[in-house]
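The values are calculated or read from the model by the stated rules, or taken from the named source; none is laboratory data. None of the values given here were measured: they were computed from a predicted structure. Neighbour counts are summed over all protein chains in view; Cβ atoms, including those assigned to glycine, are modelled from backbone coordinates with ideal geometry.
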Amino acid sequence: MSVWDIQTEFAAGVFSDQVTGGRCSATVQCEASGLVAQTANGQRFFLHYDQLQLELGGASGRMLFCRNSDRSLTIFCEERGFPAALELHAGVMLSEQLAGLFSTARRGRRVRSLLLLVGTPLLLLGLVGLYFAILQMGRAAVMTLPVSVDQKIGDVAAVSLQQGSVQLTDPRILKPCQQIVDRLSPYAALPGLEFQISIVDSPDVNAVCLPGGRIVIFRGLLEAAQTAEEVAGVLSHEMAHATLRHGLQSAVRSTGVIVAAELLIGDAGGLVAVIAELGQHAAITKYSREQETESDAEGVRMLHAAAVDPLALASFFERLKEQPQQQLPRVINWLSTHPQHDVRIAAIRAQVATLAAQQYRGLEVDWDGLKQSLQE
Amino acid sequence: MKAEIRNRPSFANVLVQLQPGDLITAEADAMASMSSHVQIGTCWNGGFFAAVLRRLFGGESLFVNEFRADSPAELVLTQATPGDIECLELNGTSFYLQPGAFLACERGVQLGLQWAGFASLFGGEGLFRLAVSGTGKVWFSAYGGIYSREVTDEYIVDSGHLVGYEPTVAIRVGLPGGIFSSFFSGEGVVMKLRGPGRVYLQSRNFSGLTGWINSHL
């Protein structure tokens, strides 16, 4: 590049006591012996190259400040070609200063790029880690909450679950179901829960136990089960969700870090408010696969402790598998949230094999009366 | 055009006396009152893409309003929060405003959006800043009072207090003291401004207000 290709006039500014307000915009030219800045109203300022003190700075980090020795005059310029023009005209007088400045700036840029390159993934990893740590601690905090919180949330969710549904109130259906629950409830892992049942007139093969102990049984489940023990098996699994407080944990998971953080600092009101706001049971009855496995194991433990044959749960799963295709939509509700039943049947059988010997007793309920009442 | 900032500093507003041919561009919703014959036109805040960028990153609205009149008229402009308004006269120079600070400007002033860097983001001031340049008056507003400082070497400003600064001022983020005292003193991260140049600061911090209200909810 020849000297003629280099731009010699640049948009710049001046700091000086001689201009109104102490600064103004100007144009700067690189002349043979020094820099000449000219303001819009004709004021001229001159800085000789051999007295120039250079500094890089400004908001962009690329602004070049040129000062005299007593710093009474500063000419600053941010244009890209200015340092090259300055070096070309000032030659050796400024080459050392310019090289020092720009190598420091380059080093700074390199360090910043490196920090950004290494720091960004680390920061993201840290944030993700923090997110899961808070959720994990939120889940742990759930276990320390009083049972009254479960009951409040269960009450809110029950309203949404039973909305628009018809309840079955026939004592010939209600009583056997309540007897099954009463047989299991003394062996619940969480004391203080009151297990109350209601039966919804729906063909879905489903049952839900809300936080706090409210159990909603769908008519389809009672129709699909062949023995009272099978109903006990499903109910023990659902009751385990409540005793292991999976609903609250799911709510913490789905409502996120804020609620988890609130629980950690001891305010469960946010959780109740969020459930009320959502107004739906979905937030607390959508369980993870781990929670389903945990509930299976806890259900088997409850059944065993209550002297009800735990294999009834496995046999109910097996029969659901054999349902004809056209009936699948009815059982799909329960199966869709309970995947991989082959694995679960095997796990239940494996767990039962490890249990201490137990004399299982049949459930003394009027099962035939229940079935007959359902048909009517 | 004559303009006067009234009711300073708490509830400042700008009374503009428009003359035929005058044009003033103001942030959307800035008009408090005006003469019935003032013509108001709404346009994208510097074109569609620029407007979207300013909305997303500059804290400004998608649209700006242009006010003009064929005969002498009155226009009062104000801001949403209680606080002061300052006027700056650009003379071919540039000035940077923090997101949300812009209120109005005369014809001849260009609005642009500039990358402010990660230091600004970590300082709580956003990734972008609004650059005003050209010739004419610019009015900008703040939450609380506005005071300015001529920064020569280094000056420390808590995050949320910076309103605007000259392009000659460099900003970096730092801690006001040691790690322990910085975080437990409540000061957290601060901005270290390096001159030369003038900076405008607000005496109140809006995040401080929202934090205080939140703690009482």
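Quick check on this structure: which one of A:Leu115, A:Leu98 is in contact with an Asp or Glu (Cβ under 7 Å, 6 or more places away or on another chain), surrounded by 11 or more Cβ atoms within 10 Å (Cβ to Cβ), free of Cβ contacts under 8 Å to residues at least 60 places away in the same chain and of a type outside the set (D, E, K, R)?
One residue alone meets the criteria, A:Leu98.
With respect to A:Ala12, is the statement that it is within 21 Å of A:Phe102 (Cα to Cα), within 14 Å of another protein chain (Cβ to nearest Cβ), surrounded by 18 or more Cβ atoms within 10 Å (Cβ to Cβ) and among the aliphatic types (A, V, I, L, M) true?
Yes: the conditions hold for A:Ala12.
Step by step: first the residues of the range B:158-175, then only those that are modelled with pLDDT of 90 or more and under 16 Å from the mean Cα position of the chain (by Cα), then the one that is surrounded by the fewest Cβ atoms within 10 Å (Cβ to Cβ). Which residue is that? I'd like the intermediate steps shown before the answer.
So the first thing to find is which residues in the range B:158-175 are modelled with pLDDT of 90 or more, and the list is B:161-170.
Add one more test, that the residue is under 16 Å from the mean Cα position of the chain (by Cα), and what stays is B:161-167.
Details: B:His161: 24, B:Leu162: 26, B:Val163: 25, B:Gly164: 26, B:Tyr165: 27, B:Glu166: 23, B:Pro167: 20.
Among those residues, the one meeting the criterion is B:Pro167.
Counting only residues that are buried (at least 17 other Cβ atoms within 10 Å of the Cβ) and among the polar types (S, T, N, Q), which one in the range B:115-154 is modelled with the lowest pLDDT?
Among those that are buried (at least 17 other Cβ atoms within 10 Å of the Cβ) and among the polar types (S, T, N, Q), it is B:Ser120.
For the range A:66-84: of the residues being buried (at least 21 other Cβ atoms within 10 Å of the Cβ) and at the interface with chain B (Cβ under 9 Å from one of its Cβ atoms), which is farthest from the chain's Cα centre (by Cα)?
Taking the candidates together, the pick is A:Thr74.
Checking the structure you have, find out if any residue of the range B:54-73 is outside any loop (DSSP other than H, G, I, E, B) and without any contact (Cβ under 8 Å) to a residue 12 or more places away in the chain. Break it down stepwise before answering.
If we filter the range B:54-73 for residues that are outside any loop (DSSP other than H, G, I, E, B), which is where we start, we get B:54-57, B:63-68, B:73.
Next cut, without any contact (Cβ under 8 Å) to a residue 12 or more places away in the chain only: B:55-56.
Yes, the conditions are met somewhere in the range B:54-73.
Residues are listed down the side, and each one gets a yes or a no for (1) free of Cβ contacts under 8 Å to residues at least 24 places away in the same chain; (2) among the aliphatic types (A, V, I, L, M):
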{"site": "A:Arg67", "(1), (2)": "yes, no"}
{"site": "A:Thr74", "(1), (2)": "no, no"}
{"site": "A:Glu87", "(1), (2)": "yes, no"}
{"site": "A:Arg106", "(1), (2)": "yes, no"}
{"site": "A:Gln136", "(1), (2)": "yes, no"}
{"site": "A:Val147", "(1), (2)": "no, yes"}
{"site": "A:Ala157", "(1), (2)": "no, yes"}
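Could you please tell me which pairs satisfy a Cβ distance under 8 Å, a separation of 6+ or placement on different chains, a first residue in the range B:142-156 that is on the phi > 0 side of the Ramachandran plot, and a second residue that is acidic (Asp, Glu)?
What qualifies is B:Gly144/B:Asp84.
If you take the residues in the range B:137-152 that are away from chain A (no Cβ under 14 Å) and among the hydroxyl-bearing types (Ser, Thr, Tyr), which one is nearest to B:Val199 (Cα to Cα)? Walk me through how you get there before you give the answer.
As a first pass, look at the range B:137-152 and keep what is away from chain A (no Cβ under 14 Å): B:137-147.
Still in the list and also among the hydroxyl-bearing types (Ser, Thr, Tyr): B:141, B:143, B:147.
Numbers: B:Ser141: 14, B:Tyr143: 16, B:Tyr147: 8 Å.
Ranking the qualifying residues of the range B:137-152, first place goes to B:Tyr147.
I'd like the full set of residues that are touching a Ser or Thr at 6+ places or on another chain (Cβ under 7 Å) and within 12 Å of another protein chain (Cβ to nearest Cβ), limited to the range B:191-207.
Residues satisfying the conditions are B:Met191, B:Gly195, B:Pro196, B:Gly197, B:Arg198, B:Val199.
Please verify whether A:Thr8 is over 22 Å from B:Tyr155 (Cα atoms) and touching a residue at least 12 places away in the same chain (Cβ under 8 Å), treating the condition exactly as stated.
It is true that A:Thr8 is over 22 Å from B:Tyr155 (Cα atoms) and touching a residue at least 12 places away in the same chain (Cβ under 8 Å).
I'd like to know if the range A:239-252 contains one or more residues that are at pLDDT below 80 and either of a type outside the set (A, V, I, L, M) or part of a loop (DSSP other than H, G, I, E, B) (or both).
Looking only at the range A:239-252, we keep the residues that are at pLDDT below 80, and these are A:250-252.
Restricting the remaining residues to those that are either of a type outside the set (A, V, I, L, M) or part of a loop (DSSP other than H, G, I, E, B) (or both) gives A:250.
Taking every residue of the range A:239-252 in turn, at least one turns out to be at pLDDT below 80 and either of a type outside the set (A, V, I, L, M) or part of a loop (DSSP other than H, G, I, E, B) (or both).
Right, A:Glu31: in contact with a Cys (Cβ under 9 Å, 6 or more places away or on another chain) and away from chain B (no Cβ under 14 Å) or not? Even if it seems obvious, please write down each step before you answer.
Working: in contact with a Cys (Cβ under 9 Å, 6 or more places away or on another chain): no; away from chain B (no Cβ under 14 Å): yes.
Spelling it out, it is not the case that A:Glu31 is in contact with a Cys (Cβ under 9 Å, 6 or more places away or on another chain) and away from chain B (no Cβ under 14 Å).
Taking only the range B:96-120 into account, find how many residues are closer than 12 Å to B:Trp139 by Cβ and in a strand (DSSP E or B).
Matching residues across the range B:96-120 total 7.
Which strands (runs of 3 or more DSSP E) sit wholly inside the range B:1-45 and have at least 1 residues that are over 16 Å from B:Cys105 (Cα atoms)? Reasoning before the result, please.
On the way: elements: B:2-6, B:13-18, B:23-27, B:31-34, B:39-44.
Result: B:2-6, B:31-34, B:39-44.
Could you say whether any residue in the range A:35-51 is in contact (Cβ under 8 Å) with a residue 12 or more places away in the chain, more than 14 Å from chain B (Cβ to nearest Cβ), in contact with a helix residue (DSSP H, G or I) (Cβ under 6 Å, 6 or more places away or on another chain) and closer than 30 Å to B:Gly117 by Cβ?
So far as the range A:35-51 goes, no, none of its residues is in contact (Cβ under 8 Å) with a residue 12 or more places away in the chain, more than 14 Å from chain B (Cβ to nearest Cβ), in contact with a helix residue (DSSP H, G or I) (Cβ under 6 Å, 6 or more places away or on another chain) and closer than 30 Å to B:Gly117 by Cβ.
Going through the range A:352-375 one residue at a time, which ones are outside any helix (DSSP H, G or I), surrounded by 13 or more Cβ atoms within 10 Å (Cβ to Cβ) and of a type outside the set (A, V, I, L, M)?
A:Gln358, A:Tyr360, A:Asp366
Any idea how many residues of the range A:172-200 are of a type outside the set (A, V, I, L, M, F, W, C) and touching a Ser or Thr at 6+ places or on another chain (Cβ under 7 Å)? Please lay out each step first, then the result.
At the first step, the residues of the range A:172-200 found to be of a type outside the set (A, V, I, L, M, F, W, C) are A:172, A:175-176, A:178-179, A:182-183, A:185-187, A:191-192, A:194, A:196, A:198.
Subsequent filtering for residues that are touching a Ser or Thr at 6+ places or on another chain (Cβ under 7 Å) retains A:172.
Count: 1.
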